Amino acid sequence: MNGKTEHNCDTLIVGSGIAGMQAALDIGDAGFNVIMVEKSPSIGGKMISLSKVFPTLDCASCITTPKMAASSHHPRVQMMTYTEVKNISKKADGFEALLIKKPRFVIESECISCRKCEEACPVYLEDEFEYGLGVKKAISIPFTNAIPQFPVLDEEKCIRCGACARVCPKDCIDYLQKPEEITVKAKSVIIATGYEITPMDAKKEYGENKLINVISSLQAERLLAPHGPYGKVLRPSDGKIPDSIAYVQCAGSRDESIGVPYCSRVCCMYAIKQAMLLSGSLPLSEITIYYMDIRAFGKGYEQFYNQARAMGINFVKAKVAKISEDSQHNVILRIDRQEEGSKPQEVKHDLVVLSQGLIPSRKEFFGLDVKLNEYGFIDSPAKTFSPALTGIDGLFVAGVASGPKDIPDTIMEAGSAAMEALNYLKTAKIS
Amino acid sequence: MEDKNKKISEQLKALNEKKGPVNKSLLEYHRENTSKQKKVLDALKEGEKTIPEIASLTGLDAREVLVKIAGLVKYGKLEIIPAKTGYLKYKIVEKK
């Protein structure tokens, strides 16, 4: 471990997705100092990896990148990326957080982001930004519009050939870099840790993540993204442009048996969005959505759903009982149509996307004695009137950390959390 | 340049002493990966091809060919020839 450093701020924000960034910008604009901590090498959260947003079909990256740039350049927002929060404790005068800045094995103050190290590296690895579909090098900048634009060396996968260091024009590769311990003293804290999706193997009857052409909704987002892993939507087994694509709704939500009995609120709309995008990029492909019921409330979502129907997306009211594959890795769905008199039937598709649900990103929140609801999301004692409150003075929550929600609701809630934090900073007796 | 190389060698030596030699299975994975990538590139020397064509020529699994192709396209060694249905074709980027 390298030396310890200590920082002070008005608000510590944990997480730098759209909720964290929005709260940071609101508080910074109000004249208070923010530290935004992110465990990944870049800010931007899940949203930066999405293709487009519903119902406007605006490019997600085009919306997120300006927020990322604004937060990283804001004079009152300090970002700490590739930094894990180990513990946050409540003190009489605020909070104290212990952070560990992980080594990138690159001297950040010297790096000019030229990518020469990445070009020279001979080791190709699975790319987690592409959810396993694409490829990166053992030293690489996480993605094209990452902020900051510093490469990270995967020390476990590095073969220590020295190629990256030899080509670096600034001599900033440091193979011996150590983690750094950071203490942050903050008057208030906002938790914006986002979500994970239900695991691909959550439902045993859906192939247990062993069927290559059954992909997650986030993988589908990457296939649809302009700089996606294959440059076009291709099925992973053989690179075929799929002629027939299916979505299985409620594949990780509304199911007591997998511990996710709640509706994740976004799956219907993201599936419809992806189906519409697919129909644009693969106009000759047939796209089917198997659903129990479509939840499309407010914000023009119902119109969006009707638009998808008008575009020729097939909506089939059916439960998918089982997913398997044939010898060519074509996916076979055993469906029970929800119509009187219909019998179970088997249908074949080239590619299947599971519409997984949203689950909490963490089991516990940094040692804070914060109340969680029965599903593990942070529970607000005043859900109806002040959803950003947590029951702990000075601690607030924003975004999906308090429960599944879409991007507009996340941004509104982040604004609410920022306002609660500002009120607290102005009125509470904290030094 | 000599100083730079010396510094890198010293750092790598210190790293090897601290962590032990590089894991054999990692080196094996890297060698295998490089050899498969070479097979894909060799298959494309004769002209543009689809993934099943490359798989059939090299004896590699089509899924593996797709992954190798993705890396080679990302790092500028191959380019994609668009298609509306069926399979895309790939060709080696000509050096200017």
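So here's what we get for this one:
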| read-out | value |
| --- | --- |
| Calculated FRET efficiency for the pair A:L284/B:R31, C-beta based, R₀ 51 Å, to 0.05 | 0.80 |
| Accessible area, probe 1.4 Å, largest first, for residues A:R265, A:R254, A:R104 | A:R265, A:R254, A:R104 |
| Separation of the A:K210 and A:A92 label points, Cα + 7 Å toward Cβ, nm | 6.1 nm |
| Global size of the stretch A:1-114 as Cα Rg and Dmax, reported in angstrom | 15.3, 48 |
| Contour excess over end-to-end distance, with Cα ends at A:D243 and A:A428 and 0.36 nm allotted per residue | 60.5 nm |
| Residues whose placed amide H lies under 5 Å from that of A:L372, excluding near-sequence neighbours | A:D379 |
| Antiparallel content of DSSP bridges confined to the stretch A:198-357, in %, to 5 | 45 percent |
| Zone of A:V347's modelled label, taken as backbone nitrogen in the stretch A:311-330 under 15 Å from a point 7 Å along Cα→Cβ | A:312-324 |
| Low-density loop cleavage sites - chymotrypsin sites (Phe, Trp or Tyr not before Pro) in the stretch A:274-307, where at most 11 other Cβ are within 10 Å (DSSP) | A:F297 |
| Inter-site label distance for B:K13 and A:E119 at 7 Å from Cα along Cβ, in nm | 3.1 nm |
| Net length gained if the chain between A:D29 and A:E108 were fully extended (0.36 nm per residue, minus Cα distance) | 25.8 nm |
| Exposure of A:V370 as accessible area (Å², to 10), given a probe of 1.4 Å and all protein chains | 20 Å² |
| Heavy atoms of A:E196 accessible to a 1.4 Å probe, total area in Å² rounded to 10 | 80 Å² |
| Distance in nm between pseudo-label sites at B:K38 and B:S56 (7 Å out along the Cβ direction from Cα) | 2.6 nm |
| Surface accessible to a 1.4 Å probe, A:S109 within the full protein complex, Å² | 100 Å² |
| Total formal charge among the other residues, if their Cβ is under 12 angstrom from that of B:K84, Lys/Arg +1 and Asp/Glu -1 | 0 |
| Rounded to 5, percent antiparallel among DSSP beta bridges of the protein assembly as shown | 55 percent |
| Convex hull of chain A built on C-alpha atoms - directionally averaged projected area, nm² | 22.1 nm² |
| Ellipticity estimate at 222 nm from DSSP helix runs (n ≥ 4, -39,500 (n - 2.57)) divided over the protein assembly as shown, nearest 500 | -9000 deg cm²/dmol |
| In the stretch A:103-178, lysine pairs closer than 21 Å at Cα, eight or more apart or cross-chain | 9 |
| Distance from the stretch A:79-152 to the stretch A:293-352 (C-alpha centre basis), Å | 39 Å |
| Whole-number percent relative contact order across chain A, with pairs defined as alpha carbons under 8 Å at least 6 apart | 19 percent |
| Paramagnetic label zone (point 7 Å from Cα along Cα-to-C-beta, B:A83; backbone N under 16 Å) in the stretch A:235-250 | A:235-244 |
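The values are calculated or read from the model by the stated rules, or taken from the named source; none is laboratory data. This is a predicted model, so every value here is computed, not measured. Glycine gets a Cβ as well: all are built from the backbone with ideal geometry, and neighbour counts include every protein chain shown. The accessibility values were calculated without ligands, DNA or RNA, using every heavy atom of the protein model including side chains. Shrake-Rupley method; radii C 1.70, N 1.55, O 1.52, S 1.80 Å.
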